[in-house]
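Computed from the coordinates by the stated procedures, all read-outs in this text should not be read as laboratory data. Just so you know, these numbers come straight off a predicted model, no measurement behind them. Neighbour counts run over all protein chains shown; Cβ positions are idealised from the backbone, glycine included.
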Amino acid sequence: MIEVKDVRFTYPTGVEALSGVSLTIEEGEFVAIMGQNGAGKTTLVKHFNGLLKPTKGTVLVDGVSTRDVSVAKLARTVGFVFQNPDHQLFCETVWEEIAFALRNFGFEEAIIEKRVDWALNLLDLIEYRQTSPFMLSGGERKRVALASVLAWDPKVVILDEPTIGQDHRQKENLRQFIVQLNGQGKTVVVVTHDVEFVAECHPRVVLMSAGKIVADGEAKKILTDTTLTSMASIVPPQITQIFLGLNDLGFPSDVIDVSEAKRVLFDYLVRSGR
Amino acid sequence: MSVFEGFRFRHVTSPIHRLDPRVKFLYVLAMFILAVVFTEFFPLLVLFFLQLPFVFVAGVKKEWLRSLRGAAFLATVIFVFNFVFGFFYRTYTGTALLEFSLAMSLRFLVLVESFSVFFLTTSPDHLSLALEQSHVPYEFTFAFTTAVRFVPVLAEEAQTIMDAQKARGLELERGNFLKRVRNYIPILIPLIVSAIRRSLELAEAMESRAWGASPKRTNLYVLKMRANDLVLIALSIMLLAVGVYVRYYVSIPSLSMFLPPLPF
């Protein structure tokens with residue numbers, strides 16, 4: 001689906017943001033890209049839809065180099081939800097906002113209507129269809145931005161820091177939503193700092209530091225490896241920290257989500273006869 | 001955006017950078033007046049080359065060239081307009097028309113280059129200090145410095161917005177001229193909205209830090225004129241005087257003395 005081959009990228013200011021990154025994302029995968037500020041996460045995903053072209057190396061999307069096609073063309077396959085919804089909202093109504101991209105891609109009016117209503121329903125925004133996006137709360141604006149991308153049904157969805165500024169319930173909704181999208185066969189790429197969020201999702205985790213990929217594997221393996229996490233300046237999930245502390249009592253050290261922790265503790269209590 | 005690059009200050013030191021900004025502004029003003037006084041080609045050419053020593057002493061050649069390159073397009077537009085309209089309205093003919101059109105675009109370049117040298121060698125802090133010590137109310141000074149300070153922030157934001165809209169299938173370069181202008185609406189609205197939001201936030205942050213609490217402000221640095229500044233003042237006045245003298249008492253050579261008559 002997306003093949004990154006030994007990509008280097010230098011910004012016009014001379015800062016090298018990516019220094020030799022290779023990564024393959026298969027169709028239907030769920031990948032979380034993590035790492036500290038300035039590790040190159042956003043720079044890397046901006047290569048996936050051609051917003052940035054590699055200084056060296058190649059990025060292939062469906063076997064086509066991103067150098068050979070326009071962003072608008074690639075966007076049809078690779079949907080990108082930006083971190084700050086205020087950077088894209090400009091229409092008078094939420095409905096128009098979601099229809100904007102569909103018009104750009106040249107969908108027919110009847111299909112646009114159907115798709116916009118579908119996306120509004122999907123993100124629980126139907127009551128706001130005639131509201132100005134500027135009147136909505138931060139979380140709602142974020143959902144509008146997400147709906148405006150999902151409306152054209154891209155094969156790959158990239159979410160840049162989707163959990164920032166969302167309360168616990170919104171995050172939980174978002175998590176279920178992403179898992180559901182992935183379950184329907186969409187490739188999902190999430191860029192985030194939010195360890196707890198990633199831990200609950202169990203994706204493949206790609207850890208970045210200083211423009212390089214330092215680890216790549218299952219969330220369970222990477223988030224419980226304290227040398228790796230400290231290298232990328234992230235803290236293991238709280239539940240993992242507890243279990244790492246209890247390691248000498250015979251508890252497993254690779255627990256990352258709360259429901260699994262509950263099960264393990266329950267088994268322990270049953271076994272010890274209490 | 002390259003035009004703006006030619007106006008962006010970078011921290012270096014040179015005798016030009018150390019000059020009092022008020023004096024530098026006086027000099028730029030003198031250049032401005034001189035450039036407007038003359039409509040002939042040769043005096044404007046002299047004015048154009050007059051800035052070169054400043055550029056070299058200040059060591060801002062690269063940035064200065066960039067500002068000229070940015071201004072070249074507008075200069076060409078000015079030339080073409082003057083030439084075409086002069087041709088149809090018969091205000092000038094032949095070599096005089098060519099000279100007038102050239103002079104007008106050269107005048108624009110002189111204005112751009114002298115302002116560019118001023119902004120390249122004067123830090124925003126110095127500028128606000130100069131405004132303050134020229135008894136401009138602090139509210140205006142602050143507004144001015146803030147505006148200057150937020151230009152790069154806004155430029156970066158514009159880039160992000162462009163990326164976000166491109167990711168939604170917007171093609172800026174598509175369509176005829178009108179369509180292309182309309183293509184910028186999805187960029188401009190978020191940019192303006194976020195600028196207004198940011199200014200409100202800034203106002204709140206200023207209030208919470210007691211902005212304007214004391215009516216009389218003091219500064220850590222006080223601008224003082226030095227020998228070099230006096231030299232530049234003298235130079236500016238002299239140049240102005242020479243300019244006025246030449247304007248009224250010297251017959252200025254024209255291009256037609258060097259070119260054969262042209263057929264338009």
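Some values worked out for this structure:
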item	result
Cα centre as origin, Lys/Arg/Asp/Glu Cβ charges: chain A dipole, Debye	440 debye
Euclidean distance between Cα centres, region B:226-264 to region A:156-235, Å	68 Å
B:A210-B:N176 FRET efficiency (beta carbon distance; Förster radius 51 Å; 0.05 resolution)	0.40
Hull volume in cubic angstrom per residue (convex hull over the Cα atoms of chain B)	182 Å³
FRET efficiency for B:M257 and B:E201, using Cβ-Cβ distance with R0 set to 60 Å, rounded to 0.05	0.45
Label-point separation, A:T58 to A:L249 (7 Å along Cα→Cβ), nm	5.5 nm
Spacing of the two label points (7 Å from each Cα toward its C-beta) at A:V264 and B:L45, in nm	8.4 nm
Beta bridge orientation in the protein assembly as shown: antiparallel %, DSSP, nearest 5	55 percent
Estimated distance in nm for a label pair at A:A210 and B:Y248, the labels positioned 7 Å out from Cα along Cα-to-Cβ	7.1 nm
Contact order relative to length of chain A, as percent, for alpha carbon pairs under 8 angstrom and 6 or more apart	22 percent
Farthest toward positive dipole pole in the protein assembly as shown [+1 Lys/Arg, -1 Asp/Glu at C-beta], among B:L65, B:S105, B:T95	B:T95
222 nm mean residue ellipticity, helices alone, for chain A (DSSP H n ≥ 4; -39,500 (n - 2.57); rounded to 500)	-11000 deg cm²/dmol
B:M238, A:M1, B:M257 arranged by Cβ crowding within 10 Å, fewest neighbours leading	B:M257, B:M238, A:M1
Overall form of chain A per C-alpha gyration tensor (a/c, 1.5; a/b vs b/c)	oblate
Cα centroid of region A:20-41 to Cα centroid of region B:64-97, whole Å	53 Å
Chain B, dipole about Cα centre (Lys/Arg Cβ +1, Asp/Glu Cβ -1), debye to the nearest 20	160 debye
Loop chymotrypsin sites (Phe, Trp or Tyr not before Pro), region B:145-246 (other Cβ atoms within 10 Å of the site Cβ: 16 or fewer; DSSP)	B:Y184, B:W211, B:Y221
For region B:22-28, 3J(HN,Hα) per residue [Karplus equation, 6.51 cos²θ - 1.76 cosθ + 1.60, θ = phi - 60°, Hz, x = Gly/Pro]	5, 5, 4, 5, 4, 4, 4
Loop-located GluC sites (Glu not before Pro) in region A:21-54 whose Cβ has at most 15 other Cβ within 10 Å (DSSP)	A:E26, A:E27
Gaussian network model of chain A, Cα within-10 Å springs - most flexible of A:I256, A:I239, A:I33	A:I239
Sequence-separation-based contact order of region A:184-274, relative, with Cα cut under 8 Å and 6+ spacing, percent	22 percent
